[in-house]
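K.L.:
Here's a structure for you.
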Protein chains: 2
Amino acid sequence: MESMQGEVIYPPLANNHISVDCVVIGFDGTQLNVLLVNRHGEEDGLAYHDMKLPGSLIYQDEDLDGAALRVLNELTGVKNIKLMQFRAYGSKNRTSDPKDVHWLERAQQARVERIVTISYLALVKIDRAIDKSLDAHKAGWVPLNDVKRLAFDHNLILTEAMHYIRDAAEVNPVMLFDLLPRKFTASQLRTMFELIYGHAIDVRNFHKKIAMMDYVVPLEERQQGVAHRAARYYKFDRKIYNKNRR
Amino acid sequence: MESMQGEVIYPPLANNHISVDCVVIGFDGTQLNVLLVNRHGEEDGLAYHDMKLPGSLIYQDEDLDGAALRVLNELTGVKNIKLMQFRAYGSKNRTSDPKDVHWLERAQQARVERIVTISYLALVKIDRAIDKSLDAHKAGWVPLNDVKRLAFDHNLILTEAMHYIRDAAEVNPVMLFDLLPRKFTASQLRTMFELIYGHAIDVRNFHKKIAMMDYVVPLEERQQGVAHRAARYYKFDRKIYNKNRR
């Protein structure tokens with residue numbers, strides 16, 4: 001660009017707020033769920049209730065990874081989980097919906113223009129311990145198939161997180177075992193793989209596959225109190241995994 | 001935190017500048033190089049000359065991906081390459097060296113506090129076309145083994161970029177062929193793999209491996225004007241790759 005006097009004029013620099021957003025995927029033995037927080041407000045005189053990923057602006061004095069852990073804990077009570085950064089979202093269209101901007105300005109009591117968000121990802125098993133921490137917050141699990149229109153570009157972030165998991169699991173399949181309880185049945189393991197990869201897996205072939213995964217160790221223990229034939233439990237053995245692969 | 005009046009005081013929000021930094025890795029048939037730009041300035045009365053990744057602050061009106069392409073082109077002349085985002089760096093220690101802050105404030109004529117940078121990655125072959133575009137800029141290829149102390153946290157970004165390439169190539173090996181010219185010898189292909197993975201590959205086994213890569217197609221053509229026995233050329237066939245894998 002040039003001014004009328006012929007000097008070069010540079011476009012204004014972006015001085016952005018930075019946020020972190022956390023995609024926490026949980027498996028309950030039957031389906032994959034995402035951890036969402038409720039949002040409510042009023043826009044054009046109409047009350048609305050919708051949902052968003054747990055996320056917020058970062059403070060001046062904290063690093064990205066630290067901010068992600070803090071924000072997740074503040075909004076959901078969840079702590080002590082492995083969050084990994086997976087992508088930055090910085091489109092200027094992220095804040096194109098006035099509803100999102102108004103909500104954020106009320107929540108943060110700050111003027112908000114553009115926000116670049118750094119997204120984080122975690123895989124967890126859903127159990128009583130984690131559900132207990134959610135109780136005191138306006139947060140909860142939503143099955144992936146039931147997720148509706150989320151705030152900002154959070155639907156896009158969620159979709160890309162699922163692609164990221166599939167790709168990352170090719171290099172590091174062990175990460176998927178974070179979705180499972182300490183002991184799990186072959187059927188739970190198969191269901192989890194089917195949901196992550198989005199296609200059915202033949203039961204017969206899957207038992208051969210388990211036998212090839214030396215780090216999936218059968219236990220003596222079986223399910224109790226089930227109507228059908230009690231299934232054997234397996235566990236993931238990290239020591240065997242690390243010894244043979246690293 | 002609480003004030004003396006007992007109201008809750010939140011820490012100040014971070015209102016950061018955002019930058020993009022590009023890690024462009026080029027292969028010249030013999031070694032891996034990174035594209036760096038020269039930086040010079042004066043600190044404590046002493047002139048210095050060092051190097052940095054091509055990167056700069058983004059403008060208010062551009063997206064992250066667009067900013068990365070613009071900045072790379074402005075600083076190196078390079079265009080029409082595939083840049084992929086790989087990680088955000090936002091430690092508050094990124095701008096702990098006054099030399100870096102002073103240099104940036106002079107270059108940008110703006111007050112700079114904290115900067116979150118979104119890093120991008122590209123793999124290219126080094127040929128006359130790309131070298132020509134560098135000539136007009138203060139940019140050049142530096143062999144990976146000769147990279148010294150870079151500005152900001154650019155050594156860390158470069159190191160993590162190389163890890164990222166290794167991981168990403170496990171899922172998508174085809175990306176590595178962007179490092180090679182249209183036709184290449186088996187020896188060039190082997191050298192490239194050795195450099196990426198950081199260990200020697202047995203020549204005999206490698207010829208078996210090439211035979212298994214149906215998308216690496218031998219050509220009738222051989223090297224010309226070489227003192228030793230002229231090697232056969234190969235090409236990467238994207239059609240065969242896509243047909244058999246996707």
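K.L.:
List residues of region A:229-244, by number, whose backbone nitrogen lies under 16 Å from a label position 7 Å along Cα→C-beta of A:Val217.
P.N.:
Answer for region A:229-244: A:233-244.
K.L.:
Test of understanding: extend the Cα→C-beta vector of B:His102 to 7 Å, then name every residue of region B:40-54 with backbone N under 12 Å from that spot.
P.N.:
B:41-48
K.L.:
Give the distance, in whole Å, between the Cα centre of region A:191-232 and the Cα centre of region B:81-132.
P.N.:
47 Å
K.L.:
Would you mind classifying region A:181-245 by shape? Square roots of the alpha carbon gyration tensor eigenvalues, ordered a ≥ b ≥ c; an a/c under 1.5 is rounded, otherwise it is prolate if a/b is larger than b/c and oblate if not.
P.N.:
oblate
K.L.:
Leaving out ligands, DNA and RNA but keeping every protein chain, what accessible area does B:Met213 have, in Å² rounded to the nearest 10, with a 1.4 Å probe?
P.N.:
Spelled out: B:Met213, probe radius 1.4 Å, area about 20 Å².
K.L.:
Pick out the long, greasy-scoring helices in chain A: whole DSSP H runs spanning 24 Å or more along their own axis by Cα, mean Kyte-Doolittle at least -1.0.
P.N.:
Working: long enough: A:154-171 (26 Å, 0.07).
Span-like helices here: A:154-171.
K.L.:
Right, another one. Could you please tell me the mean projected area of the C-alpha convex hull for region A:28-67, averaged over all directions and given in square nanometres to one decimal? Before the final figure, lay out the partial values.
P.N.:
Values: hull surface 20.5 nm².
The directionally averaged projection comes out at 5.1 nm².
K.L.:
Still on this structure: Tell me which B residue has its C-beta closest to the axis rotating B onto A, and the distance in Å?
P.N.:
Nearest-to-axis residue on chain B, with distance in whole Å, is B:Ala88, 2.
K.L.:
Shortest first and in nm to one decimal, what separations exist between B:Pro98 and its copies in the other chains, measuring from label points 7 Å along the Cα-to-beta-carbon line?
P.N.:
Inter-copy label distances (nm, one decimal, shortest first): 4.8.
K.L.:
Of the heavy-atom accessible surface of the protein assembly as shown (probe 1.4 angstrom), what whole percent is carbon and sulfur?
P.N.:
The value for the protein assembly as shown is 50 percent carbon and sulfur by accessible area.
K.L.:
Pop out the ³J(HN,Hα) list for region B:45-62 in order, Karplus 6.51 cos²θ - 1.76 cosθ + 1.60 with θ = phi - 60°, rounded to Hz; leave Gly and Pro as x.
P.N.:
x, 10, 6, 9, 10, 9, 9, 8, 5, x, x, 6, 5, 8, 8, 4, 9, 10
K.L.:
On average, how many beta carbons from a partner chain sit within 10 Å of the beta carbon of a residue in B:54-66?
P.N.:
The per-residue average across the peptide is 4.
K.L.:
Using a 1.4 Å probe on protein heavy atoms only, how many Å² of accessible area do A and B hide from each other, summed over both chains and rounded to 100?
P.N.:
Roughly 3100 Å² of accessible surface disappears when A and B pair.
K.L.:
How big is D for the protein assembly as shown, in µm² s⁻¹ as a whole number, if Stokes-Einstein is applied with the Kirkwood radius of its Cα pairs at 20 °C and 1.002 mPa s?
P.N.:
Roughly 83 µm²/s, to the nearest whole number.
K.L.:
Order of A:216-229, B:165-178, A:67-80 by packing, highest average Cβ count within 10 Å first?
P.N.:
In decreasing order of mean packing, A:216-229, B:165-178, A:67-80 become A:67-80, B:165-178, A:216-229.
K.L.:
In percent, what relative contact order does region A:39-140 have, based on Cα pairs under 8 Å that are 6 or more apart in sequence?
P.N.:
It comes to 28 percent, rounded to a whole number.
K.L.:
Now a separate question. Calculate, for chain B, the solvent-accessible area per residue in square angstrom, rolling a 1.4 angstrom probe over the heavy atoms of the protein chains.
P.N.:
The answer is 54 Å² per residue.
K.L.:
How much of the pair distance distribution for chain B lies past 33 Å, counting alpha-carbon pairs only, in percent?
P.N.:
More than 33 Å apart: 31 percent of the Cα pairs in chain B.
The values are calculated or read from the model by the stated rules, or taken from the named source; none is laboratory data. Quantities reported herein were computed from a predicted structural model and do not represent experimental measurements. Backbone-built Cβ (ideal geometry, glycine too); neighbour counts: all protein chains shown. For the accessible areas, the whole protein counts, side chains as well, though only heavy atoms, and no ligand, DNA or RNA atoms are used. Shrake-Rupley method; radii C 1.70, N 1.55, O 1.52, S 1.80 Å.
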